[in-house]
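Colleague: Following this message is one structure expressed as structure tokens.
The values are calculated or read from the model by the stated rules, or taken from the named source; none is laboratory data. Keep in mind that this is a model prediction, so the values were computed, not measured. All Cβ positions, even for glycine, are placed from backbone atoms using ideal geometry, and neighbour counts span all protein chains on display.
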Amino acid sequence: MAIPELPYTIPRIVKGRKKSLSIAATPKNETKQRWYVEFFYFSPLSERMERIRVTKKLNRLKDPKEKQRHFSNLCEAYKVALESGWNLLDQNANIKLKKEIIGISLKEGFAKFEEYHAAKGTRPKSISTYRSTINVEIIQKVATCFTLKWPLFSA
């Protein structure tokens, strides 16, 4: 099968199953149904479009207007992500895309953090505490990544 021009379909909100005639089609009854955002994405492994359904635990909402608003936001977020090049199946490509969009290194982020707190008027002792906490978090993250990639060194 040839790769389609767009490797995805436009996300849409699906509001449960079709209702029988015995149940009134009120918004309150509609929220009792299972909603999801649905779209199809091309999988190069199977060489076909695969259906993706996303709920993000929003079916727990009972207010019809609130549920509609949250699902609309979720649908729009997936639409924007897909249009900007987000790849559902390739996490490495997503990491590269995120780096292109963010475009800031850890060192630059750390400098901006310190500038912000200095301009805000944060006490020097607080900045020092924040700095040491961030350093500990970074060291733990790097150590975790290192042990996951190189299990030979985890004695």
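Colleague: Considering only helices (runs of 4 or more DSSP H) fully contained in region 57-148, which possess at least 2 residues that are of a type in the set (S, T, N, Q)?
Modeller: 64-83, 91-102
Colleague: Kindly indicate the residue of region 71-100 that is among the aliphatic types (A, V, I, L, M) and surrounded by 12 or more Cβ atoms within 10 Å (Cβ to Cβ) and also modelled with the highest pLDDT among those meeting that condition.
Modeller: Residue satisfying both the conditions and the ranking: 74.
Colleague: Further question: Test each condition in (1) at pLDDT 80 or above; (2) in a loop (DSSP other than H, G, I, E, B) for residue 19 and report the one that comes out false.
Modeller: For residue 19, the failing item is (1).
Colleague: Moving to a separate point now. Evaluate region 101-108: report whether one residue or more is within 30 Å of residue 131 (Cβ to Cβ) and modelled with pLDDT of 80 or more.
Modeller: The answer is yes, given that some residue of region 101-108 is within 30 Å of residue 131 (Cβ to Cβ) and modelled with pLDDT of 80 or more.
Colleague: Also: What number of residues within region 52-76 satisfy the criterion of being under 18 Å from the mean Cα position of the chain (by Cα) and either under 19 Å from residue 41 (Cβ atoms) or not small (Gly, Ala, Ser) (or both)?
Modeller: Summing the residues that are under 18 Å from the mean Cα position of the chain (by Cα) and either under 19 Å from residue 41 (Cβ atoms) or not small (Gly, Ala, Ser) (or both) in region 52-76 gives 15.
Colleague: Could you list, in sequence order, the residues of region 43-90 that are among the acidic types (Asp, Glu), under 20 Å from residue 5 (Cβ atoms) and without any contact (Cβ under 8 Å) to a residue 12 or more places away in the chain?
Modeller: Answer for region 43-90, where residues must be among the acidic types (Asp, Glu), under 20 Å from residue 5 (Cβ atoms) and without any contact (Cβ under 8 Å) to a residue 12 or more places away in the chain: 50, 83, 90.
Colleague: If you check residue 63 against the conditions, is it within 14 Å of residue 8 (Cβ to Cβ) and acidic (Asp, Glu)?
Modeller: no
Colleague: Which condition from (1) in contact with a helix residue (DSSP H, G or I) (Cβ under 8 Å, 6 or more places away or on another chain); (2) among the polar types (S, T, N, Q); (3) under 30 Å from residue 27 (Cα atoms) is the one that residue 72 breaks?
Modeller: (1)
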